[in-house]
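Worksheet: the structure to be examined is printed underneath.
The values are calculated or read from the model by the stated rules, or taken from the named source; none is laboratory data. Keep in mind it's a predicted model, so treat the numbers as computed, not measured. Cβ atoms come from the backbone with ideal geometry, glycine included; neighbour counts cover every protein chain shown. For the accessible areas, the whole protein counts, side chains as well, though only heavy atoms, and no ligand, DNA or RNA atoms are used. Shrake-Rupley method; radii C 1.70, N 1.55, O 1.52, S 1.80 Å.
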Amino acid sequence: MGRGTVGFQQGVTLEKLFTILGATALAALVVGLASAPTTRFPWEGLLCVHFVNLWLWITAYIVTSRRYAEERGKGNEGAASVLFLLTLLTVALVLGSAHAGLMLASEHGVLLGGQVYRIAQQHPLAMALPNVLLGVGALAILVTMRRESNLSALIEESDTARVIRQLNAELSQEKQKLQTVVQGIRAALAIVEPDGTIRWTNGIYNHWFGPGESLVGRDSRVVLRVNYADYSRWPHDRLAPGEPTVAQAELSLTMATGQQRPFLVSAYLLTSDDGVVTGHLQLLQDIAEQKALQAQLVETEKLSAVGQLIGSVAHELNNPLAILAGYSELALEDESADGALKQTIEMIRTNTMRCQKVVRNLLSFVRRHKEERVYKSVRDPMAAVLELKRHQLMVDNISGELDCGLNLPMTMMDEHKLQQVFLNLVNNAHDAIAELRRPGKITLSARQDDGWLVASVADDGPGIPAALRERVMSPFFTTKAPGRGTGLGLSICKGIVEDMGGRMELESEPGKGTTFRIRLPIVRVQIDVPVSDAPAPVAPRSKVLVIDDEPEIAAQLGKMLTDAGHDCRTTGSAQKALELLAGGERFDLVLCDLKMPGLDGFGFLEAASRDHAEKFSSILFLSGDTANPRTRSRVEEKGMELLEKPYSRSEIVGKVNEALLAKKKPAAG
């Protein structure tokens with residue numbers, strides 16, 4: 001209770017005191033005057049005696065009552081009781097001394113003369129009644145003081161109780177918040193005894209490991225069904241006073257459903273104020289999704305490494321393919337070759353172009369692409385995927401068919417991502433049919449339906465049970481054996497399709513196969529395609545320098561360009577080309593391979609632009625390593641023209657003519 005409250009209570013007490021004493025003194029005076037037998041009644045003396053009693057009482061009250069209230073406020077009940085008795089004694093002494101003094105003065109005639117005895121004899125109430133009233137007033141004051149003191153203590157106690165109630169309310173709110181967090185957190189919590197006995201669990205703990213039953217009093221390792229081989233890794237056993245207060249271990253635990261899942265088990269040491277171990281706080285976190293993500297990252301790293309390997313292999317394949325394609329094309333133009341020879345050469349050329357297509361499709365899938373939307377038909381990515389998978393399907397006696405009309409409406413798509421979607425669906429269908437160990441069929445089709453472009457991938461495999469259909473496109477859900485799938489493929493495909501404004505649907509029935517439908521919006525775009533019967537522009541006779549570390553390719557390019565009417569010079573290294581420029585030779589165009597031992601194409605461009613910029617007008621690069629992201633990045637930064645190997649004669653001649661007519665020299669550096 002504050003000082004203001006104490007002061008107010010004391011003020012109330014003193015106000016009542018003065019009221020009672022004033023009324024008592026007035027009553028005594030009135031009674032004394034009324035009982036006087038003559039007008040010579042000594043009322044002055046009687047009034048003086050009463051007021052002397054009054055002021056003596058006030059002084060005694062102030063001294064004792066304040067001390068009484070202070071001791072009660074401090075909780076010193078013993079000292080307060082002594083002060084109360086002292087107050088009673090003071091009142092008795094004041095009244096007794098006042099009355100004795102009055103009687104003594106009257107007896108000797110000092111104060112009231114001899115009339116006092118006559119008054120006492122004739123009118124006893126004149127002397128007795130005021131004193132009786134003073135006594136009653138004093139008793140009332142004592143009772144009031146006791147009640148006021150009790151009231152003061154009660155008020156003080158009520159203030160303390162109010163503070164306690166407020167603290168309890170705040171504590172209850174904090175407890176409710178903690179309860180909400182503990183019960184709402186997506187982790188299992190338990191407090192266990194040092195011997196492993198469960199003392200308390202949150203709702204998730206019970207839901208995961210013992211729904212509908214009390215787990216308190218049971219061994220936590222038994223409840224969690226920890227493998228006996230993992231007992232040595234149990235984190236609780238590694239905690240001790242003075243050691244680190246937390247220990248963790250990744251363990252496989254069996255849930256109430258019988259499913260085994262990986263958990264991160266954390267144990268926190270609980271100790272008393274004197275350092276005695278009282279138990280452990282057990283925290284269980286389901287890390288199945290985290291593990292799946294880690295596995296996906298590992299697979300991604302593997303795929304990245306495979307992609308780089310494919311890029312290197314493709315580069316090595318593209319050079320001989322370019323030689324085969326180029327020379328077969330030149331041989332077919334030789335009029336001296338007979339029909340049988342030309343037929344053989346055409347077969348070589350056809351299969352060379354088939355290899356070229358396979359390599360390009362591989363590079364298309366492993367190459368990193370920028371996010372871009374193109375206005376195109378779904379037939380193109382579907383045909384590319386089927387071509388890529390055709391051989392694998394044939395090996396497993398699975399036929400792949402493409403059922404698409406040539407006049408399908410087009411849509412805006414990210415072609416490379418849509419290829420990824422179709423490839424994933426075809427792979428899933430392939431795996432499902434292969435498990436049956438019988439011939440099968442996968443059909444890729446597209447049609448228009450109610451304002452949508454519907455592309456479908458259908459198989460005649462085992463189908464998907466009804467209980468699993470709602471979950472197959474959820475992240476991390478897979479029915480494949482461990483190591484064969486992460487459960488991210490279909491969820492990623494679904495996200496790609498939805499990002500294009502479409503949706504993905506599933507239709508399946510056990511024993512009757514599965515069909516995935518991709519609905520994409522039909523986009524109507526007016527495209528103005530220039531129509532011209534004019535032949536491609538031909539550059540005037542020009543001097544061209546060909547640089548390639550493969551002698552066959554260099555010679556082949558030289559022949560193609562010479563037949564096209566240009567003067568061509570070939571060399572096998574960038575260093576020899578710089579020597580030609582240093583020797584004073586000038587060229588209208590340099591046709592240079594990017595990837596060469598020693599000084600590569602970028603190095604040649606930098607050196608030639610620095611030392612011999614005036615000796616060549618334009619440069620055109622070609623490479624079989626177009627999947628390398630660093631190569632493509634540097635090509636795009638410099639704004640250079642890049643021709644992929646292998647190539648046809650018409651492609652080379654056309655690009656050379658365009659470059660000669662533009663005479664655009666890329667920036668060096």
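Under the rule a/c < 1.5 gives rounded, and otherwise a/b versus b/c splits prolate from oblate, where does segment 387-479 land using the Cα gyration tensor? Verdict is oblate for segment 387-479. In this simple spin-label approximation, residue 305 and residue 648 carry label points 7 Å from Cα along the Cα→Cβ vector, and these lie 4.0 nm apart.
Take the Cα of residue 348, step 7 Å toward its Cβ, do the same at residue 641, and the gap between the two points is 2.9 nm. Measuring from label point to label point, each 7 Å out along Cα→Cβ, what is the residue 271 to residue 246 span in nm? Once both label points are built, they end up 1.7 nm from each other.
Against the criterion of solvent-accessible heavy-atom surface with a 1.4 angstrom probe, 645, 376 sort, most first, into 376, 645.
Taking a ≥ b ≥ c as the square roots of the Cα gyration tensor eigenvalues, with a/c under 1.5 meaning rounded and otherwise prolate when a/b beats b/c, else oblate, which class fits segment 155-305? In terms of gyration-tensor shape, prolate. Taking a ≥ b ≥ c as the square roots of the eigenvalues of the Cα gyration tensor, segment 530-621 is classed as prolate, since a/c reaches at least 1.5 and a/b is larger than b/c. Net charge in the neighbourhood of residue 547 (other residues with Cβ under 9 Å of its Cβ; Lys, Arg +1, Asp, Glu -1) is -2.
So which trypsin sites (Lys or Arg not before Pro) in segment 383-456 end up in coil per DSSP with only 11 or fewer other C-beta atoms within 10 Å? Could the numbers behind the result be given before it?
Numbers: sites: 389, 390, 417, 437, 441, 447; in loops: 437.
Within segment 383-456, the qualifying trypsin sites (Lys or Arg not before Pro) (loop, at most 11 other Cβ atoms within 10 Å) are 437.
Here the calculated FRET efficiency for residue 383 and residue 522, from their Cβ-Cβ distance with R0 = 22 Å, stands at 0.65, rounded to the nearest 0.05.
With a cut-off of at most 14 other beta carbons within 10 Å, and DSSP calling the residue loop, which trypsin sites (Lys or Arg not before Pro) in segment 577-620 qualify? Please list them. Here the sparse-neighbourhood loop sites are 586.
For the full complex of protein chains and a 1.4 angstrom probe, list 216, 538 by accessible area with the highest value first.
Descending order: 538, 216.
Computed from the C-beta positions of residue 412 and residue 468 and an R0 of 45 Å, the FRET efficiency is 0.85 to the nearest 0.05.
Cross-link list 559/655; 376/645; 543/615; 357/494; 417/441: which exceed 22 angstrom alpha carbon to alpha carbon?
As for pairs spanning more than 22 Å Cα to Cα, those are 376/645; 357/494; 417/441.
Sparse packing (at most 16 other Cβ atoms within 10 Å of the Cβ) combined with a DSSP loop state is found for the following GluC sites (Glu not before Pro) in segment 368-453: 371, 372, 435.
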